[in-house]
Amino acid sequence: MIIGIAGGSGSGKTTLATRLRDAVGAERLVALQQDSYYRDIDTLPEALRASGNFDHPDCIDFPLLVQQLEALRAGHSVPVPQYDFATHHRLPTTTEQRAHPVILVEGILIFTHPALRELLDLKIFVDTDDDIRLLRRIRRDTRERGRSLESVLDQYAATVRPMHQQFVAPSQKFADLIIPEKANFDLVVELLSHKIRSLVA
Ligand SMILES: Nc1ncnc2c1ncn2[C@@H]1O[C@H](COP(=O)(O)OP(=O)(O)O)[C@@H](O)[C@H]1O
Ligand SMILES: Nc1ccn([C@@H]2O[C@H](COP(=O)(O)O)[C@@H](O)[C@H]2O)c(=O)n1
């Protein structure tokens, strides 16, 4: 089965995916990130490159993501691309990923792509308030993605927020399940992992 987790930047998608993998078992569940499928900055449409917009669906190599999900579902290994957030370039190296009974994919824009949505057996949206997401993003991007506070705030106002409103938030309507920020995560993980394990037993 293939599970999708969407939600705004900093909503907690990676955290939920990691906790589900730990609960279901790494031998049964593999988690892919939409972030691995960012197009190299040199191949982005000019308007997006010029405005430093990394939150538009055209920034993502969805054809490759769909192709690799289909291959994993068919039991084949795939070379997952690697992306460098500091330089905005796709690295020449890849990570070989083998097939698992449960494939989880998470990313801000995964519910905006019709062919990808079609592949998802369960669609989960993590709904976290904007101010909380911005605070988390400032902390993460300054610590882990080589950004200054000024650049995080400028990017948020110029592209992250408007693209969230245009693409990410409306895609919530495709979700089977919406997890509010204040949800009891332990309970959510227990319920979901129990269901997932029963489906792949
Ligand atoms: N429920 C939560 N409570 C507190 N902090 C959280 C929660 N979920 C995520 N975080 C923290 O917020 C930051 C962003 O979370 P992450 O899962 O990476 O978000 P996303 O993948 O949606 O961008 C991380 O530092 C993570 O530890
Ligand atoms: N070169 C890039 C590519 C992407 N981003 C930002 O990443 C965010 C998505 O990642 P999450 O882990 O937060 O879901 C997205 O909002 C892009 O703005 C970037 O800053 N630089």
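The values are calculated or read from the model by the stated rules, or taken from the named source; none is laboratory data. All figures in this text were calculated on a predicted structure; none of them were measured in a lab. With ideal geometry, Cβ positions are generated from the backbone for all residues, glycine too; neighbour counts draw on all protein chains shown.
Here are a few things to note about the model shown:
- Within the range 58-86, the residues that satisfy the criterion of being over 19 Å from residue 167 (Cβ atoms), free of Cβ contacts under 8 Å to residues at least 40 places away in the same chain and not in a helix (DSSP H, G or I) are 74, 75, 76, 77, 78, 79, 84.
- Test result for residue 9, modelled with pLDDT of 95 or more, over 20 Å from residue 178 (Cα atoms) and small (Gly, Ala, Ser): no
- Here is the figure for the range 87-117: residues that are within 16 Å of ligand 1 (Cβ to nearest atom) and in contact (Cβ under 8 Å) with a residue 60 or more places away in the chain total 8.
- The criterion of at least 1 residues that are touching a strand residue (DSSP E or B) at 6+ places or on another chain (Cβ under 6 Å) and surrounded by 14 or more Cβ atoms within 10 Å (Cβ to Cβ) is met, among helices (runs of 4 or more DSSP H) falling completely within the range 112-185, by 114-119.
- Taken over the range 54-97, the residue count meeting the criterion of being farther than 26 Å from residue 126 by Cβ and touching a Leu at 6+ places or on another chain (Cβ under 8 Å) is 0.
- Any chance residue 76 is loosely packed, with under 13 Cβ neighbours inside 10 Å and more than 16 Å from ligand 1 (Cβ to nearest atom): yes
- Qualifying residues in the range 1-29 (those that are part of a loop (DSSP other than H, G, I, E, B) and among the hydrophobic types (A, V, I, L, M, F, W, C)) - the one surrounded by the fewest Cβ atoms within 10 Å (Cβ to Cβ): 26
Every residue, every condition in (1) touching a helix residue (DSSP H, G or I) at 6+ places or on another chain (Cβ under 7 Å); (2) closer than 19 Å to residue 159 by Cα, yes or no:
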residue	(1), (2)
7	yes, yes
10	yes, yes
17	no, no
36	no, no
44	yes, yes
49	yes, yes
67	no, no
87	no, yes
92	no, no
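- Boolean, residue 56 is in contact with a helix residue (DSSP H, G or I) (Cβ under 6 Å, 6 or more places away or on another chain), surrounded by 17 or more Cβ atoms within 10 Å (Cβ to Cβ) and on the phi > 0 side of the Ramachandran plot: no
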